[in-house]
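So the structure is just underneath, and the comments pick up after that.
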Amino acid sequence: MDIRELKYLYEISQCESMEKAAGRLYITQPSLTKAVKKMEEELGFKLFEKVGRKNVLTLAGKQVINLSRPVLNAYDYFEQNLTTIGSSERAVVNYGVIPLYQTPFTSNFIYNFRRKYPHIKINIHELPEETIKQKLITGELDVGMTENMLASPYIITYSGFEDVVSVVVGEGNEFYDAKQLTFADLKNSVFNIVTNGHNNYNQIISNCQKAGYEPEIAYQSSQIGLLLDYTVLNKGVCVFNRCMIYDNIMARPDLKTMRIIPLVPPPQCFCWVSLRNQSSIHQAIQIFADELTEALTEDVAVRVQ
């Protein structure tokens with residue numbers, strides 16, 4: 001029985017479902033079922049039994065899981081510290097971030113972190129949210145920053161932040177001097193919004209529909225900078241996370257004339273920092289997660305975890 005198979009058993013024991021466990025492990029259900037059958041044949045006893053629709057550990061299976069925990073923890077520790085063998089100074093943190101959050105905040109944070117901790121190398125991976133989740137589980141990433149909380153026993157939610165969605169307009173827009181706006185006020189506007197699949201997109205479409213109309217979309221992108229480029233030319237309105245709009249305006253002189261206007265009621269937006277769940281977190285990863293959390297706490301309205 002190898003470490004991969006032990007991870008299979010642990011995931012099934014947590015989910016009590018072959019289907020759910022296969023999804024979390026990113027393998028097919030038939031492959032997982034076949035692997036369990038092979039293990040049971042090698043061991044000479046059943047690991048799981050069906051109770052209704054659940055796959056529940058047998059007494060022998062529980063004993064195997066209990067014995068496997070220190071092995072899994074030790075392997076996690078081994079993987080985490082392998083890169084530092086031969087050099088006490090060398091440390092690498094693999095950081096995954098969704099394209100939506102590749103903003104001036106992220107760039108400035110990484111720049112400042114590298115100056116403060118030159119002995120810690122940061123590898124940045126811009127990836128979709130599901131890929132970040134998968135790579136955290138497999139150990140290819142150490143830290144992830146995502147729009148949604150990642151649910152898995154192999155992932156720790158280290159910190160979470162909440163802010164609001166606002167409207168930003170360029171000079172000359174009819175709403176430039178408005179103190180606040182509703183989605184009903186924006187009925188005749190053209191929208192520059194994030195691409196489909198993000199929470200922000202769903203919020204905009206849903207709120208416009210509640211106000212009695214389908215929004216006219218002029219431009220879509222997962223990059224807030226590109227959306228603001230289009231909006232500053234007085235081509236409609238951009239509805240986005242307040243802190244990310246603000247960070248871009250502060251970082252770019254050509255956007256200084258734009259105005260951020262509160263939406264009433266304000267849709268909520270979130271940011272989550274996650275770590276790979278392991279018994280011992282490497283010092284470099286801990287430092288990176290702490291520094292990222294501190295920087296986000298200063299940048300975002302409310303820390304929720």
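Worth a mention:
- Here the average projected area of the convex hull drawn through the C-alpha atoms of the chain stands at 19.0 nm².
- Degrees separating the helix 59-82 axis from the principal Cα axis of the chain, which is the longest one: 60 degrees
- Over all projection directions, the Cα-based convex hull of region 98-200 averages an area of 9.4 nm².
- Among Phe78, Phe183, Phe161: highest mean-square fluctuation, GNM of the chain, C-alpha pairs under 10 Å: Phe78
- Normalised convex hull volume, region 160-305, alpha-carbon set, Å³ per residue: 121 Å³
- Bridging of Lys62 to lysines at a Cα separation below 22 Å is possible for Lys7, Lys20, Lys34, Lys37, Lys38, Lys46, Lys50, Lys54, once same-chain residues fewer than 8 apart are set aside.
- Measure of compaction for region 3-82 (Cα Rg per 2.2 N^0.38 Å): 1.09
- Between 0 and 90 degrees, the angle of helix 129-138 with respect to the longest Cα principal axis of the chain falls at about 30 degrees.
- Environment charge at Gln209 (Cβ cut-off 14 Å; Lys +1, Arg +1, Asp -1, Glu -1): 0
- When you filter the trypsin sites (Lys or Arg not before Pro) in region 208-246 for DSSP loop state and at most 16 other Cβ atoms inside 10 Å of their Cβ, you are left with Lys235.
- Rounded to 10°, Cα long-axis angle of helix 283-299 versus longest principal axis of the chain: 30 degrees
- Expressed to the nearest 5 percent, the antiparallel share of DSSP beta bridges inside the chain is 60 percent.
- Of the two radii for region 31-178, the radius of gyration is 1.14 times the Kirkwood radius, both from the alpha carbons; that is the Rg over Rh value.
Laboratory data are not the source of any read-out in this text; all were calculated from the coordinates shown. Just so we're clear, the structure is a prediction, and the values are computed from it rather than from any experiment. Neighbour counts run over all protein chains shown; Cβ positions are idealised from the backbone, glycine included.
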